[in-house]
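Input: a single structure, listed below in structure tokens.
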Amino acid sequence: MGNPAYNGLLTTIVIFGASGDLTRRKLIPSLFNLFRKRRTPKKFLIVGFGGTVFSSDQFRQHLNTGMKEHAGFNFTEEEWSIFAPNLHYRSGNYSDLKDFHSLASHLEGLEGGEANRLFYMALPPSLFPSIIQNLDASRQLIENSGWRRVVLEKPFGTDRASAAELNFQVHRALNENQIYRIDHYLGKETVQNILFTRFANTIFEPIWNRNYIDHVQITVAEKVGVEHRAGFYDGVGVLRDMFQNHLLQLLTLVAMEPPASFNAQHLRNEKVKVLSAIQPMTPEQVSLNTVRAQYKGYREEPEVRGDSTTPTYAALRVYVNNWRWKGVPFYLRSGKHMAEKQSQIIIQFKEPPLAMFPMQTMKPNILVLYLQPDEGVHLRFEAKAPDTVAETRSVDMEFHYAEAFGRTAIPESYERLLLDALQGDASLFTRADEVETAWSLIDPILQTWEVHQTPPLATYRPDSWGPAEAYDLLAHDGRRWLNEEASRMLDK
């Protein structure tokens, strides 16, 4: 409880958009579980701010109902009764400076002296600038003996220009070390385990390069369609929704050089280097290296335009042009309404340089990092089949989180990220230059798709693994998607 990151002061967590779904489903359950684990500051307050008119008691009841529906863990009413008095609510308008002066007075009254403050923006990014401007104008961002930090939800911009403009606006009131741009994907234990698999095990690092790795496949597949997000999604599409953040983040963790330490600055420096080593595509390269597709029936979804060309599926082939990875293709794909929910990274190693065994039927070794749903790590290698002259058979070494640590061992990603923000550890949050560099890779693809309408928009059957064009993308290189084969490894 005496964590020096909290500097002994009371810590106030102010949530803007507190009456919304994210607060009810994710933020409060995560903060409550941190409290149950004794990881919150010893003295803390949670103050909600939103447009809905609530009393503090009504706010607590609203959140208690959400806890019972969405917590994902068991808790007692006694535990909640100890936590609930820390919850307060203030209604107001995000663009009205008077309401922010009123909020400042309310916070000072609750705190009774110097305090740390964490401001969480649980609302659309279009509201960030006005809220931060009002916080600044009401003198709530001044750091004296207590720190001030702001957590910004994604998406951070819709292209590079909007991301740069948003960075400019927030930097007028905040230093970069006060800004925590959240991508909940980086809070997942299994995503963090990519770094531990690589750098805590010396067996992998000597072969983690172009000399031994043939290619890398990164798949984030969603079983569901657009559901209630159709109106929002139709103006965004899969590239903005999944690639600019989640998939490029996974690529950086796979491809980055070992950082000097797990210090946030060192870690984020290496991630930016990876993104900087990927050359933005020309329109001709976009036509050759990308696939865009839409599931059949998408245009009949409520709130979707009848002539929509918004892609719900994409596949990309990219190259990291540095010493370690030169010539190794990274295949990235994501889509909605696919055969199953699946997030995994497959590292396929090169085949042996010499076929020295007769009757050889060997397959290349693959390392699979399963991020969800069956979290773990699997390594496929070849062994001699018994009672044969020289036949081989693929066998599997496997690690499952559920078996090794228990099924309740993996916490909600927001829980880890909130704890890091409270403790001032920005390792799992994205930096301004990283956001803008990622958009610089996505922008040329978006422009080619939306302006030149190339490559042609393909279609795919719902509950499949995507369009034929995505299989052709790898077949052109003499390769194929391995996710179904990797899934069979789980079924053995």
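Residues being touching an Asp or Glu at 6+ places or on another chain (Cβ under 6 Å) and either buried (at least 21 other Cβ atoms within 10 Å of the Cβ) or at pLDDT 95 or above (or both) are represented in segment 17-31 by at least one member. Where helices (runs of 4 or more DSSP H) fall entirely within segment 1-116, those with at least 2 residues that are out of contact with any helix residue (DSSP H, G or I) (no Cβ under 7 Å at 6 or more places or on another chain) are at 56-70, 77-83, 97-111.
Of the numbered criteria (1) without any contact (Cβ under 8 Å) to a residue 12 or more places away in the chain; (2) closer than 21 Å to Gly8 by Cβ, the one Glu114 fails is (1). Being in contact with a Ser or Thr (Cβ under 9 Å, 6 or more places away or on another chain), outside any helix (DSSP H, G or I), in contact (Cβ under 8 Å) with a residue 40 or more places away in the chain and among the basic types (Lys, Arg), is that true of even one residue in segment 285-292? Within segment 285-292, one or more residues are in contact with a Ser or Thr (Cβ under 9 Å, 6 or more places away or on another chain), outside any helix (DSSP H, G or I), in contact (Cβ under 8 Å) with a residue 40 or more places away in the chain and among the basic types (Lys, Arg).
Tell me which strands (runs of 3 or more DSSP E) are completely within segment 322-388 and hold 3 or more residues being modelled with pLDDT of 95 or more, or say none if there are none.
On the way: elements: 329-335, 342-349, 366-372, 376-384.
Here the list reads 329-335, 342-349.
Considering each of Ile207, Ile203, Ile194, Ile179 in turn, give the residue that is surrounded by 18 or more Cβ atoms within 10 Å (Cβ to Cβ) and over 28 Å from Ile132 (Cβ atoms).
On the way: Ile207 fails: surrounded by 18 or more Cβ atoms within 10 Å (Cβ to Cβ); Ile203 fails: surrounded by 18 or more Cβ atoms within 10 Å (Cβ to Cβ); Ile179 fails: over 28 Å from Ile132 (Cβ atoms).
After applying the criteria, what remains is Ile194.
Of all the numbered requirements in (1) in a helix (DSSP H, G or I); (2) in the same structural domain as Lys341 (by TED's automatic domain parsing); (3) in contact (Cβ under 8 Å) with a residue 24 or more places away in the chain, Thr459 misses one, and that requirement is (1). If you filter segment 447-467 down to residues that are among the hydrophobic types (A, V, I, L, M, F, W, C) and either crowded, with 20+ Cβ neighbours inside 10 Å or at pLDDT below 95 (or both), you find that the one that is nearest to Lys341 (Cα to Cα) is Trp465.
Of the listed requirements (1) touching a His at 6+ places or on another chain (Cβ under 8 Å); (2) closer than 16 Å to Val368 by Cβ; (3) not basic (Lys, Arg), Thr190 misses just one: (1). Among the numbered conditions (1) hydroxyl-bearing (Ser, Thr, Tyr); (2) in contact with a Lys or Arg (Cβ under 9 Å, 6 or more places away or on another chain); (3) at pLDDT 95 or above, the only one that Ser105 does not meet is (2).
The values are calculated or read from the model by the stated rules, or taken from the named source; none is laboratory data. A quick note: this is a predicted structure, and the numbers were derived from the prediction, not measured. Neighbour counts run over all protein chains shown; Cβ positions are idealised from the backbone, glycine included.
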